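The next block holds one structure in the form of structure tokens; read it before the comments.
Nothing in this text is a laboratory measurement; each read-out follows from the coordinates by a stated rule. Just so it is clear, the structure is predicted and the values come from calculations on it, not from any experiment. So basically every Cβ, Gly included, is an ideal-geometry build from the backbone, and we count neighbours across all protein chains shown.
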């Protein structure tokens with residue numbers, strides 16, 4: 001009986017302690033909620049909802065962006081709260097905007113009221129000195145360098161012939177009846193273009209080697225950068241190579257998946273090593289090919305440390321590869337499901353192929369006459385744009401209309417929500433390239449300044465390679481459609497997480513065109 005009394009007494013003590021602990025935590029929880037509510041009231045946050053405890057709206061957000069309609073979650077919130085609303089994403093209270101005017105305000109005030117905000121893990125992957133990740137004066141300088149190197153006069157005299165060469169090399173060798181994943185083909189084309197144009201590499205063996213390294217690097221960048229058990233980035237960070245190490249760890253000490261994750265770090269290290277080797281060769285041979293590619297012109301015209309040059313090149317590789325490869329892929333995918341548009345595009349390019357004096361290559365003048373092709377590219381970017389949202393953070397308290405947004409707040413201009421909005425584009429979910437010939441839509445078409453159409457961002461971080469990407473995509477469409485017909489073999493759909501892609505890689509069977517047929 002004494003033992004029973006002791007047990008009951010002990011149980012009461014444990015119960016009392018548990019109850020007290022629960023009350024304390026419950027009180028702290030309520031206090032935290034009250035503080036956050038007072039802070040929101042003080043700052044006049046846009047209306048919104050926190051969603052589920054802890055996870056907030058994160059799952060609903062991810063479910064939407066993983067689908068072919070990435071703005072579906074945002075559209076639901078707009079109906080409840082308006083075009084500017086607040087929600088809880090990945091443990092942070094965020095302001096999301098599907099308002100064209102506010103999005104433009106955010107982009108135009110880059111570096112003043114707002115700054116780009118990427119997870120530290122992503123900055124670690126692409127490099128801290130690149131144009132994507134730096135801020136302030138260094139960002140402005142690097143952006144200016146990239147913009148100057150992709151001006152129209154540079155494209156006309158430095159890039160068109162190289163793009164023609166790469167297209168012929170990468171697209172001419174498929175066999176009649178060969179089955180391919182077009183997603184892989186487009187990635188190969190884009191990587192070859194970037195190796196050629198960034199590094200000035202023309203040797204096929206060097207291009208193939210750098211393309212392999214870049215492919216591993218991009219795979220690493222596109223893994224979800226979450227430093228938690230079970231995620232690729234976590235495993236890679238646990239087993240990544242030490243700076244002084246030049247070999248992989250003993251294979252018996254790490255798992256197969258960890259070996260796969262290591263490819264990224266080894267690829268990045270090898271890419272930097274090759275960039276530095278190229279720099280060294282060109283410094284020693286100043287009378288040689290110093291002006292070839294971005295790297296050659298950087299050495300010739302700018303005074304940047306080698307580590308900044310390496311990160312700058314790697315940043316351009318990542319951004320250029322994603323924009324170009326995925327837009328090529330989506331354009332062919334959308335055209336495949338719109339025979340009318342496919343036929344009109346073919347008619348435009350057959351006329352170019354029939355012109356004499358081109359020796360099978362396109363000229364800048366040819367590119368400037370591709371009116372319907374430009375409509376196809378614009379419509380592809382509207383429906384399947386790579387930058388569906390931007391990540392920004394307030395540098396100070398920001399007042400906009402009736403809202404006061406505190407310093408350090410996460411702000412998300414959701415560009416795709418505008419591109420797919422029925423009030424801005426009729427039949428917004430349909431691929432309809434002719435919409436860009438309509439006078440009303442023409443007013444929205446200037447992708448450099450329009451708040452209604454921002455496939456390349458805007459403001460101080462407007463994509464400096466936008467015109468280069470469009471040139472590459474247009475020439476790809478010419479060579480691919482003039483060389484092959486194709487049949488889709490497997491159903492597919494667009495997804496935008498963790499990056500824009502076709503879920504099944506767009507499996508097609510190619511058949512070569514003969515005698516213009």
Ratio of the range 41-95's C-alpha Rg to 2.2 N^0.38 Å, to two decimals? 1.11
Expressed in nanometres to one decimal, the distance between label points 7 Å along Cα→Cβ at residue 513 and residue 135 is 5.0 nm
Sites residue 450 and residue 283 - FRET efficiency at Förster radius 51 Å, r taken between beta-carbons, to 0.05: 0.70
Per residue, the convex hull enclosing the alpha carbons of the range 83-138 has a volume in Å³ of 97 Å³
Relative packing of peptides 333-340, 477-484, 424-431 - highest average C-beta neighbours within 10 Å first: 477-484, 333-340, 424-431
Give me the percent relative contact order of the range 299-407, please, defined on Cα pairs under 8 angstrom at least 6 residues apart. 25 percent
Quick calc: nm separation of the 7 Å Cα→Cβ label points for residue 364 and residue 438 -> 3.5 nm
Using the Cα atoms of the range 394-517 to build a convex hull, what is its mean projected area in square nanometres? 11.5 nm²
Order these peptides, 181-193, 490-502, 455-467, 46-58, by their mean beta-carbon neighbour count within 10 angstrom, highest first. 181-193, 455-467, 490-502, 46-58
Roughly speaking, what is the stretch gain from residue 44 to residue 123, that is 0.36 nm per residue apart minus the C-alpha to C-alpha distance, in nm to one decimal? 25.3 nm
Ranked output for segments 151-161, 206-216 by mean other Cβ atoms within 10 Å, highest leading, reads 206-216, 151-161
Calculated FRET efficiency for the pair residue 307/residue 404, C-beta based, R₀ 41 Å, to 0.05: 0.55
How large is the convex hull of the Cα atoms of the range 358-457 per residue, expressed in Å³ as a whole number? 142 Å³
